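For reference, the structure is listed below as structure tokens.
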Amino acid sequence: MPRVVLLTGATGFLGSHLCRALLQGGHTVEAIRRHSSDLRRLGPLAGQVRWHCAPEELEAPFSGPKIPDALIHCAALYGRRGESPVQMLETNTLLPVRLYHLAAQRRVPLFLNTDTILDPALNLYALSKHHAAQWLMRAGGPTRVLNLKVQHFYGPDDDPAKFITGLITQCLANVPEIRLTDGRQQRDFIYVSDVVSAMLALLECETPGSAPGGGFANYEIGSGNPVPVRDLVELIHKLTGSRSRLSFGALAYRPGEPMFTRADTSALRALGWRPLVQLPEGLERTIGAERKMLSPQP
């Protein structure tokens with residue numbers, strides 16, 4: 001059934017993949033963005049989105065006669081580009097809380113909030129996302145909240161500052177040395193299209209009117225199959241045919257580095273969802289896209 005979906009983060013990595021899937025599925029997409037947001041990830045599809053610029057138009061999607069069937073919050077600041085603690089607090093904590101209350105006032109049925117599996121003590125990104133989830137859990141309004149604790153997702157057109165994309169770029173460039181930890185930590189990596197399919201499955205199951213109003217539920221999204229980071233690095237090195245030297249153990253772990261993460265996907269699997277893209281295939285797709293971007297254009 002076609003829905004009207006209000007989306008934040010539609011110009012980012014995950015949000016753009018989700019936006020594309022929603023449009024291709026026949027849904028109507030309204031999106032909140034900053035004035036400075038770059039629309040290139042969406043290409044021509046950007047013209048099919050009804051845009052609202054924050055902060056001045058933040059309330060606009062809730063003021064018309066037709067309210068959204070669902071609000072999906074994908075916008076996030078990771079702190080990789082020198083964002084201040086205040087900026088991270090505003091985007092990762094205050095924005096979703098404010099959006100929830102606007103949605104609750106108009107009785108929007110469903111709010112999907114993207115969260116992280118990282119411990120809040122690790123960094124400001126994890127802390128600010130944790131605080132948002134805590135506020136949403138206690139909101140108690142008529143809008144149902146599904147809090148999506150997403151594992152380490154990757155895929156084409158990701159931020160070059162992310163670990164997998166940055167590693168692929170270095171391997172393709174054959175940099176002389178890539179300095180790494182010893183790689184014993186295990187991570188649950190999931191391809192971006194599988195994250196999107198999980199979100200669409202929840203959207204389909206939860207709206208409209210399929211569940212009682214209000215409430216809060218956590219869903220974990222991941223492959224459920226963690227792998228050692230060293231194995232991931234060696235696989236990328238092999239798939240790229242790189243001549244770079246891998247210096248495992250050259251870097252120390254971050255303070256508080258999690259050594260094992262794994263999603264419990266039982267709740268999603270009960271809805272019929274399964275991840276479809278295995279790690280080697282997902283990496284090959286991502287490497288192929290990166291090669292294409294790095295190739296000289298005719």
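The values are calculated or read from the model by the stated rules, or taken from the named source; none is laboratory data. Remember, it's a predicted structure, so these values are computed and weren't measured experimentally. Glycine also receives a Cβ, built like all others from the backbone with ideal geometry; neighbour counts cover every protein chain displayed.
Numbers for the structure displayed
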{"item": "Every pair of residues 6+ apart whose Cβ atoms lie under 9 Å, when the first sits in the stretch 70-98 and is at positive phi while the second is of a type in the set (Phe, Trp, Tyr)", "result": "GLY79/TYR125"}
{"item": "Some residue of the stretch 174-181 being under 29 Å from LEU94 (Cα atoms) and crowded, with 18+ Cβ neighbours inside 10 Å", "result": "no"}
{"item": "Every residue from the stretch 251-273 that is aliphatic (A, V, I, L, M) and in contact with a Gly (Cβ under 7 Å, 6 or more places away or on another chain)", "result": "ALA263"}
{"item": "The listed residue being over 20 Å from the mean Cα position of the chain (by Cα) and over 23 Å from SER128 (Cβ atoms), out of SER84, SER63", "result": "SER63"}
{"item": "So GLU220, is it of a type in the set (Asp, Glu), closer than 19 Å to LEU200 by Cβ and touching a residue at least 60 places away in the same chain (Cβ under 8 Å)", "result": "yes"}
{"item": "Subset of the stretch 68-94 that is in a helix (DSSP H, G or I) and of a type in the set (Val, Ile, Thr) - its residue that is farthest from ARG138 (Cα to Cα)", "result": "VAL86"}
{"item": "Any chance ARG245 is at pLDDT below 95 and basic (Lys, Arg)", "result": "no"}
{"item": "So GLU204, is it within 23 Å of the chain's Cα centre (by Cα), more than 23 Å from ASP157 (Cα to Cα) and not hydrophobic (A, V, I, L, M, F, W, C)", "result": "yes"}
{"item": "Flag for ILE190 being in a helix (DSSP H, G or I) and either surrounded by 15 or more Cβ atoms within 10 Å (Cβ to Cβ) or in contact (Cβ under 8 Å) with a residue 60 or more places away in the chain (or both)", "result": "no"}
{"item": "Failed criterion for SER84 (all others in (1) surrounded by fewer than 18 Cβ atoms within 10 Å (Cβ to Cβ); (2) within 22 Å of ILE221 (Cα to Cα); (3) not charged (D, E, K, R) hold)", "result": "(2)"}
{"item": "Residues (in a helix (DSSP H, G or I) and out of contact with any Phe, Trp or Tyr (no Cβ under 9 Å at 6 or more places or on another chain)) located in the stretch 95-111", "result": "LEU95, ARG98, HIS101"}
{"item": "Residues located in the stretch 4-30, provided they are out of contact with any strand residue (DSSP E or B) (no Cβ under 7 Å at 6 or more places or on another chain), over 25 Å from LYS162 (Cβ atoms) and touching a residue at least 60 places away in the same chain (Cβ under 8 Å)", "result": "GLY25"}
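Rundown of residues vs (1) part of a loop (DSSP other than H, G, I, E, B); (2) closer than 17 Å to LEU200 by Cα; (3) under 19 Å from the mean Cα position of the chain (by Cα); (4) in contact (Cβ under 8 Å) with a residue 12 or more places away in the chain, yes/no style:
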| residue | (1), (2), (3), (4) |
| --- | --- |
| HIS237 | no, no, no, yes |
| SER242 | yes, no, no, yes |
| LEU246 | no, no, no, yes |
| LEU251 | yes, no, no, yes |
| GLY256 | yes, no, no, yes |
| ALA263 | yes, no, yes, yes |
| LEU271 | yes, yes, no, yes |
| PRO275 | yes, yes, yes, yes |
| GLY282 | no, no, yes, yes |
